[in-house]
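In what follows, a structure is listed as structure tokens, so that the remarks can point back to it.
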Amino acid sequence: MAYQVLARKYRPQRFADVAGQDHVTVTLMNALTQQRIAHGYIFSGHRGIGKTTIARILAMALNCRNTIGSPERPTAEPCEVCESCTEIRAGNAVDVIEIDAATNRGIDEIRELRDAARYRPARDKYKIYILDEAHQITDAAFNALLKTLEEPPDHMVFMMATTQPEDIPQTVRSRCQHFSFHAVKLVDILGELRGIAERENLDADDAALGLLAEAGDGSMRDALSIMDQAIASAPVEEGRARLDAAQIRELMGTVPNAAFESIFEAVNANRSSEVMTLANRLLDAGNSPAQLARQCVRYLRNCVIAKVAGIGTDGEGADGAAGELLQISADEQRRAGRTASLFTEEELTRFLQMMLRTFDELGYRQEQRFHFELGLLKLVHLRRLLPVEELLSKFPVGAGARAGSSGPAAVKRPVTGGTPSGSGSSTSSVADGSSNVVAAKPSFSPFEQSKKRFDERAPEAVVKVVEPVAAPRVMTATPVEVKVQVVQTPRAAVVAREAVPTASIGVAVAEPDPEVESVHAPEVQPATATETVAETLTETVEAGSEAVEFQRAAFEALQAATMQRTAADALDDAEWTVVGSELRVQMQVSKTMLPTVINAEAEKILRATVRERGGAALKVVLLPGVSGATAAATKKPRTAKSGSVEEIAAKHPVVQEAQRLFGAEIRNVIDLRDDN
């Protein structure tokens, strides 16, 4: 007789021999005893767990010649000795037709089956059709079978085995009894393998059988197939094949989990070089990066379950529910417990998520080795990250509302005075004497100003000077740099901001507040643009200055040109001097940025303007500026144009007082007048 593989040789022939499917076998035996036979069954579940086997056993039990309760057949199990049982077991029964639905999946084959189903069985009680891989049948073929399943003859029984029950139409599933098979537990597979090893006269230790059971991944047939292969490659000692764990591991192309235990010990010690050395050793041995990533994912999963289930380093606590969750051998349970003890549950979860992503990416990456090594390095880096909860817990309550603060040192300073509700103004920011700047509200609100444009009243502007809390109330004449921002509005709002940490002045606009110490500026009435220009003073720039005339003409020409506003502003800030036959323009931009700011078109307009103003004999020379503190020290004060808002701001009494006391400079002016 030809050799039979173990999966066929030890195929169960009775319901009691099927491992791990008690919920199915008990139900079917009770149905046979009570003669409650359905005309359609669907057996679904994982591969290699006994779906087709139970279908054959059920067919034997239905067509067995001996009645249930007789001496030859005391239970619902088939007798296995009558002609029907032996023929079905051999696969040559006339009335039991097993069809590969993956091949015979079309509507024509199903029509032939439907036509043949009308005839009564040749000898046995039932005509039984076993459709393997039933999900492969087309929708049209299922529709052709639908009426037969709904109203079948009393001698017809359909059994459909499938791994994808969701692909079977709901109309078919609703007309059949559906049994969902479970994956076989590790202990059940291990028990079957141990019994087969004894019957096959094999020497196999528990570690080798445990590897075979784990490789089965819940499938009895897969475990038996790998065992068949291991027996063929095992060394023979005194006429008995000897199964060794190392030999099985080499046959399967896997590495021992001790290697991953070493890797995670190095991850725990924050030793990236050791992690890369271990990974290089595994890869150089010929292991595939995808296979290693898959094993690492499975090992991390076991570690997570060990951590959740509370399995200790010595394997304690692995019984009961923990053992059900962790379907691995006792040695592997202890190893997973040791690795789990090194990390927290959150860290193991992040590790598993990272390796799952790495495993997914390896499927479409060219350099799989590099991506696998990168995934392992990320595990080391994950240990260095702080959880967000731990980071936030280091800040005091309310620290999240302070913008610009770097730690507990930045505290909110109270300001002198308050702003009445609905005034549309707010206080400016105040420095706390260090590099940290305490966040404050904006110095003005465009929305509030917009609402008050229709207010016909023009109350006098109130300017509040806000001082640092720790600073003395008496102002000294110590020179400090103060950046002043002037806002020209119908209420003449003027805002001053500090620029150095040694001193700060914040100026905000508010309605008159009798309880707050304030300095009243002269009343400023709203004015239109025409009235403002009429009230401006005479030009402060000398009219006879030739360089200033060239500068003004060039600025106006570039302002009128297209896409030359940047060049116009840069030339306006430059220092123009006439030295001999040269018109030198000292720019404030660097040598690198000069060709970008003053492009060829802007330079052409500049030279043409100088020629038109009588400077045809002058050679225009653009000099790049210096950077850093030198540029700040040598920067000349900006000259306000006649009739501009800068000139109006420069004439404001508060600004002039700030310039007198502190040497302040106007750097930014915002014009919010109605006619702009």
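Please treat every number below as a calculation from the coordinates, not as lab data. Note that the structure is predicted; figures quoted are calculated from it, not measured. Cβ coordinates were reconstructed from backbone atoms using ideal geometry, including for glycine residues, and neighbour counts include every protein chain displayed.
Listing for the model above:
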| item | result |
| --- | --- |
| Ranking of 591, 127 by count of other Cβ atoms within 10 Å, fewest first | 591, 127 |
| Ascending count of other beta-carbon atoms within 10 Å, so fewest first, for 79, 303, 85 | 79, 85, 303 |
| Taking all pairs of distinct alpha-carbon atoms in the stretch 175-308, Kirkwood radius in angstrom | 16.8 Å |
| Charged-residue dipole, Cβ positions (Lys, Arg, Asp, Glu), the stretch 546-639 about Cα centre, Debye nearest 20 | 140 debye |
| Over 23 Å between alpha carbons, listed pairs 127/147; 9/127; 307/394; 9/51; 185/307 | 9/127; 307/394 |
| Dipole-positive endmost among 243, 227, 213 within the stretch 186-252 (Cβ charges, Cα centre) | 227 |
| Percent breakdown of C-alpha pair distances by 5 Å bin, ordered from the shortest bin, for the stretch 118-190 | 3, 13, 22, 21, 15, 11, 7, 5, 2, 0 |
| Gyration tensor verdict on the stretch 257-382 (Cα atoms; rounded if a/c is under 1.5, prolate if a/b is larger than b/c, oblate otherwise) | prolate |
